[in-house]
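Q: Here you go, one structure.
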Amino acid sequence: QDEEKWDFVLVSDIHEVGSEKETKRKKFLDELSKKGFAIKKIEDKKLFYGVRAPKQVFRKYQWLLRNPDSRLQSPDAHSDIPVTTRIRIVNFILWNTVTSDLEKLQDLMKKKVFEAAFPLHEKEEVREFLKERWARWRDIFCQQPIEKIRCYFGEKVALYFAWLGWYTYLLGIAAVVGLVVFVAGITVFNSSQVSKEICEASNTVMCPLCDQKCPFWLLSDTCIYAKVTHMIDNEGTVLFAMFMAIWATVFLELWKRQRATVVTDWDLYRWDEEEEELAMELINNLQHEPRQYQHSYLRSTIVLLLVLLMIAVLIGIAHALVIYRVIATALFTQSDSEFLREQANTMAVMTGAVLHYVTIVIMTKVNRRVALFLCDLEKPRTFSQHENNFTVKIFTFQFFTNFSSLIYIAFFLGRINGHPGNYVRIAGKWRLEECHPSGCITDLFIQMAIIMLLKQTISNVMEYLIPWMAHKIRKWRQRPKKQSVMLGEEEEAEDPCKRQWLSNYQLGEVNFFSLFDEFLEMVIQYSFTTIFVAAFPLAPLLAFCNNLFEIRLDAIKMMRLRRRIVPRKANDIGIWLQVLEAIGILAVIGNGLVIAITSDFIPMQVYKYTYSPCMTENRTDVDCSTGYINHSLSVFRIQDFEPHTQVPETLLDLKIKEYRDYRNADDYSYTVQFWHIFAARLAFLILFEHAALCVKLIAAWYVPDVPKSVKNRFRERKHSNLRKELRWVMPRGRL
């Protein structure tokens, strides 16, 4: 039974005898045989080759690294090293074996000589435990068996699930605080003084929102919208933004401690990836010469220019979405439907958000191809270097894909559109969008809510359904074959490996992207949860609920729907940690800008403490925000409208209408109040970001990356090992 365990399976089509593909396949298998590999062939609709490495390969590995893995994981029955290490070494040798034609397995796969190469899901105790106690929906609130995951999938996958579990655990705290802030906002739904003023402004006539068929409208018509805006945009939002900036830092610092504890227990705290790679290169080929580190300024310049070009394309797509919303608003306002005419702006934002989600789905695939092409141009020396370069590029592209449109809504919408009589127009025809009199933050809230809900429902459903259906279809296709062999059951019984190899082949394919995709999805979600959280306090709650399902979804995919992923060693989550730290800094900047620019928090505070009745008249019997709406509107003479704007002749005699801005009535230049508010926004931004970054630095200093208990344990272990070594050198009487 021990001899029937195989490290890897290679799958090939049945080629004609003497064909080029058959010759290349034979040459590759001959190279493996020369290295002492045992090879077993099984023929079905495809050709299956089981390969098993000789024991001396693993002895060389242990000797070179002086670190027998015996206490790291439970050893396999027929070997003194863990199954995950066996698979990793065999995988390395397979992908680096060169035929006499100077071709590797990757080249042979491109030429369709081999179709697939994968390690097997074995029917072992660890796998059965994980299938029953981890990869099930019913275990959604149970703790993850990280040690068992490591024993079966290796350290890298175990660290991903440990990080995801830790992130979800701490996200629960942020979700509760965000929910409290949101509920507190609901309680002021009807009590906000600003909302009351908008609802009672039945005599305030506002300028039309478009040039054709848009009527003048009363400010009181937007009563509900104003209440919703002030439900989101209140003092609690500012405190929550500050809280999330601190939370992001504390989360990362606590994760570093958690990771240090876990990795020390695995004896990998000071593991050297480069040393292991050099050892495996020598095991594969004793004549191997290590590749030298190289750097080409020309190649780096070309890659940088291409990255900037791609970012420009992604920003261009964001501009296209802006143009869509402008044109959609104009078309909705000319619609025959009264509802569409009245809600033209909101409908344009909502349909724009759906369109934005579609562009995210499409551009994710494009971004991956471009990032891979750029990585190939760089010619990285090692797999980990390739992975790091690819991670930075794909995250940069995905960040601009996901956030360009949100950045426009948050910081540019309603600020670059001009004013009545001098509007900024696209192609000289369509006016840019305007903010609602109560602010732009609701547009940002709607956009984020739609994108997060779509990403966490449709994307997750598809992420599960596609591999599940593909697995069912592959099993269904195999069924006729099984029925046709019913009579020759003796033939099936005499080969116990056949059923196992076929069932593994029917599972979904895994590759370099399998784990990477999961990390990228979570890091983008982390960006949504932290960067614009001031506009969407429910983001942590949505992320928390999503992650409870995401953990089990990923587990089910890995255990039941996909082939076994090649285990990889790792002592941290790699460059993703630097990416998360960068997002933490962006979160401080983003939330500071949202409060300072998007929110009405600063203008309202300036009004309260400078221009309100409380300050100018020393009144204490009124709310200090009384009169804020009237103060934030400017007046406009109807006869100054541009020719584009249709104005009924009956209204030409009226002198004044209002719009949201701080401008003088005579020459439409900015008022003193505008510059006062601008200075206050700038001062708040500087203070907020410096305060938040100081708190982040203090938190990072206060929470050590590595617990003292871990350092002490590591030191004691080192001391004990040195004492044992010394016993072999010194006479017994001296000790």
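The values are calculated or read from the model by the stated rules, or taken from the named source; none is laboratory data. Everything numeric here is computed off the predicted structure, so don't read it as measured data. All Cβ positions, even for glycine, are placed from backbone atoms using ideal geometry, and neighbour counts span all protein chains on display. These area figures cover heavy atoms from the full protein model, side chains too; ligands, DNA and RNA do not enter into them. Shrake-Rupley method; radii C 1.70, N 1.55, O 1.52, S 1.80 Å.
Q: Where the second residue is among the aromatic types (F, W, Y) and open to solvent by 10 Å² or more (accessible area, probe 1.4 Å) and the first is more than 14 Å from I451 (Cβ to Cβ) and lies in segment 522-537, which pairs have Cβ atoms under 6 Å and are six or more apart or on separate chains?
A: Qualifying pairs under 6 Å: P537/F182.
Q: Identify, please: which residue in segment 17-53 is within 16 Å of L286 (Cα to Cα) and not charged (D, E, K, R) and is, among those, nearest to the chain's Cα centre (by Cα)?
A: Per the criteria, the residue is L32.
Q: OK, next. Which ones in segment 611-624 are at negative phi and assigned to a loop (DSSP other than H, G, I, E, B)? Steps first, please.
A: Residues of segment 611-624 at negative phi: 611-617, 619-624.
Passing the criteria: S612, E617, R619, T620, D621, V622, D623, C624.
Q: Among the residues of segment 84-108, count how many are open to solvent by less than 10 Å² (accessible area, probe 1.4 Å) and among the hydrophobic types (A, V, I, L, M, F, W, C).
A: Result for segment 84-108: 7.
Q: Hey, could you check segment 345-356 for residues that are surrounded by fewer than 21 Cβ atoms within 10 Å (Cβ to Cβ) and in contact (Cβ under 8 Å) with a residue 40 or more places away in the chain and say which is nearest to C435 (Cα to Cα)?
A: Once the filter is applied, the top-ranked residue is T346.
Listed here are the residues, each with its yes/no results for (1) without any contact (Cβ under 8 Å) to a residue 60 or more places away in the chain; (2) open to solvent by 10 Å² or more (accessible area, probe 1.4 Å); (3) part of a helix (DSSP H, G or I); (4) not assigned by the TED database to the domain that holds Y167.
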| residue | (1), (2), (3), (4) |
| --- | --- |
| P540 | no, no, yes, no |
| L548 | no, yes, yes, no |
| D572 | no, yes, no, no |
| Q578 | yes, yes, yes, no |
| G584 | no, no, yes, no |
| V588 | no, no, yes, no |
| V594 | no, no, yes, no |
| Y609 | yes, yes, yes, yes |
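Q: Something else about it: Return a yes/no flag: does segment 296-308 have any residue that is outside any helix (DSSP H, G or I) and over 30 Å from D572 (Cα atoms).
A: no
Listed here are the residues, each with its yes/no results for (1) modelled with pLDDT of 90 or more; (2) of a type outside the set (F, W, Y).
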site: I524; (1), (2): yes, yes
site: V533; (1), (2): no, yes
site: D554; (1), (2): yes, yes
site: A570; (1), (2): no, yes
site: W576; (1), (2): yes, no
site: S634; (1), (2): no, yes
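Q: Next question, about the same structure. Does T598 fit the bill of being hydroxyl-bearing (S, T, Y), modelled with pLDDT under 90 and open to solvent by less than 10 Å² (accessible area, probe 1.4 Å)?
A: For T598, the condition - hydroxyl-bearing (S, T, Y), modelled with pLDDT under 90 and open to solvent by less than 10 Å² (accessible area, probe 1.4 Å) - is met.
Q: S720 fails exactly one of the following numbered conditions: (1) in contact (Cβ under 8 Å) with a residue 60 or more places away in the chain; (2) of a type in the set (S, T, Y); (3) outside any loop (DSSP other than H, G, I, E, B). What is the number of that condition?
A: Looking at each condition in turn, S720 falls short on (1).
Yes/no matrix, rows are residues, columns are (1) within 25 Å of Y225 (Cβ to Cβ); (2) at pLDDT below 90:
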position: A348; (1), (2): yes, yes
position: G352; (1), (2): yes, yes
position: T359; (1), (2): no, no
position: T364; (1), (2): no, no
position: A371; (1), (2): no, no
position: L377; (1), (2): no, yes
position: H386; (1), (2): no, yes
position: V392; (1), (2): no, no
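Q: With the condition being over 27 Å from Q144 (Cα atoms), at pLDDT below 90 and among the aliphatic types (A, V, I, L, M), I'd like the helices (runs of 4 or more DSSP H) fully within segment 54-127 carrying at least 2 qualifying residues.
A: 55-65
Q: Check segment 174-182 and report whether any residue there is open to solvent by 10 Å² or more (accessible area, probe 1.4 Å) and of a type outside the set (A, V, I, L, M, F, W, C).
A: No, segment 174-182 has no match at all.
Q: State yes or no: is Y526 open to solvent by less than 30 Å² (accessible area, probe 1.4 Å), in the same structural domain as W266 (by the TED database) and either touching a strand residue (DSSP E or B) at 6+ places or on another chain (Cβ under 6 Å) or among the aromatic types (F, W, Y) (or both)?
A: Values: open to solvent by less than 30 Å² (accessible area, probe 1.4 Å): yes; in the same structural domain as W266 (by the TED database): yes; either touching a strand residue (DSSP E or B) at 6+ places or on another chain (Cβ under 6 Å) or among the aromatic types (F, W, Y) (or both): yes.
Against the criterion (open to solvent by less than 30 Å² (accessible area, probe 1.4 Å), in the same structural domain as W266 (by the TED database) and either touching a strand residue (DSSP E or B) at 6+ places or on another chain (Cβ under 6 Å) or among the aromatic types (F, W, Y) (or both)), Y526 qualifies.
Q: Show the residue pairs that are 6+ apart or on different chains and have beta-carbon atoms under 8 Å apart, the first residue being within segment 300-324 and not assigned by the TED database to the domain that holds L406 and modelled with pLDDT under 90, the second being exposed (fewer than 13 other Cβ atoms within 10 Å of the Cβ) and not in a helix (DSSP H, G or I).
A: Matching pairs, first to second residue: none at all.
Q: Kindly indicate the residue of segment 279-338 that is of a type in the set (K, R) and closer than 17 Å to K379 by Cα and also surrounded by the fewest Cβ atoms within 10 Å (Cβ to Cβ) among those meeting that condition. So that I can check it myself, show each step before the final result.
A: The first filter runs over segment 279-338 and keeps only residues of a type in the set (K, R), leaving 291, 299, 325.
Next, only the ones that are closer than 17 Å to K379 by Cα stay: 291, 299.
Details: R291: 11, R299: 13.
Filtering first and then ranking leaves R291.
Q: Would you call I362 touching a strand residue (DSSP E or B) at 6+ places or on another chain (Cβ under 7 Å) and open to solvent by 60 Å² or more (accessible area, probe 1.4 Å)?
A: It is false that I362 is touching a strand residue (DSSP E or B) at 6+ places or on another chain (Cβ under 7 Å) and open to solvent by 60 Å² or more (accessible area, probe 1.4 Å).
Q: Further question: Among the residues of segment 350-399, what is the count of those that are closer than 22 Å to A318 by Cβ and not β-branched (V, I, T)?
A: 18
Q: If you don't mind, there's one more thing I want to ask. On the basis of being open to solvent by less than 60 Å² (accessible area, probe 1.4 Å) and in contact with a His (Cβ under 6 Å, 6 or more places away or on another chain), does E22 make the cut?
A: Yes; evaluated as a whole, the condition is true for this residue.
Q: Take the conditions on the phi < 0 side of the Ramachandran plot and open to solvent by 30 Å² or more (accessible area, probe 1.4 Å) and apply them to P215. Does it pass?
A: Yes: the conditions hold for P215.
Q: Mind checking which residues of segment 371-380 are open to solvent by less than 40 Å² (accessible area, probe 1.4 Å) and either in a helix (DSSP H, G or I) or in contact (Cβ under 8 Å) with a residue 40 or more places away in the chain (or both)?
A: A371, L374, C375
Q: Tally time: how many residues in segment 550-567 are part of a loop (DSSP other than H, G, I, E, B) and of a type in the set (K, R)?
A: 2
Q: Can you find a residue that is free of Cβ contacts under 8 Å to residues at least 24 places away in the same chain and either open to solvent by less than 50 Å² (accessible area, probe 1.4 Å) or in contact with a Lys or Arg (Cβ under 7 Å, 6 or more places away or on another chain) (or both) anywhere in segment 251-265? Talk me through it step by step, then tell me what you get.
A: Looking only at segment 251-265, we keep the residues that are free of Cβ contacts under 8 Å to residues at least 24 places away in the same chain, and these are 265.
In the following step, the residues that additionally are either open to solvent by less than 50 Å² (accessible area, probe 1.4 Å) or in contact with a Lys or Arg (Cβ under 7 Å, 6 or more places away or on another chain) (or both) were identified as none.
No, that holds for no residue.
Q: With the structure loaded, tell me whether F400 is in a helix (DSSP H, G or I), assigned by the TED database to the domain that holds V322 and open to solvent by 20 Å² or more (accessible area, probe 1.4 Å) or whether it fails that test. So that I can check it myself, show each step before the final result.
A: Details: in a helix (DSSP H, G or I): yes; assigned by the TED database to the domain that holds V322: yes; open to solvent by 20 Å² or more (accessible area, probe 1.4 Å): yes.
Considered against the rule, which asks whether it is in a helix (DSSP H, G or I), assigned by the TED database to the domain that holds V322 and open to solvent by 20 Å² or more (accessible area, probe 1.4 Å), F400 comes out as yes.
Q: Within segment 404-419, identify whether any single residue is assigned to a loop (DSSP other than H, G, I, E, B) and in contact with a Ser or Thr (Cβ under 8 Å, 6 or more places away or on another chain), and answer yes or no.
A: Taking every residue of segment 404-419 in turn, none turns out to be assigned to a loop (DSSP other than H, G, I, E, B) and in contact with a Ser or Thr (Cβ under 8 Å, 6 or more places away or on another chain).
Q: Another question about this same structure. Go through (1) in contact with a helix residue (DSSP H, G or I) (Cβ under 8 Å, 6 or more places away or on another chain); (2) in a loop (DSSP other than H, G, I, E, B); (3) within 24 Å of Y505 (Cβ to Cβ) one by one and return the number of the condition F48 breaks.
A: Result: F48 fails condition (2) only.
Q: If you scan segment 550-565, which residues turn out to be touching a strand residue (DSSP E or B) at 6+ places or on another chain (Cβ under 7 Å) and either among the hydroxyl-bearing types (S, T, Y) or open to solvent by less than 20 Å² (accessible area, probe 1.4 Å) (or both)?
A: Selection gives L561, R564.
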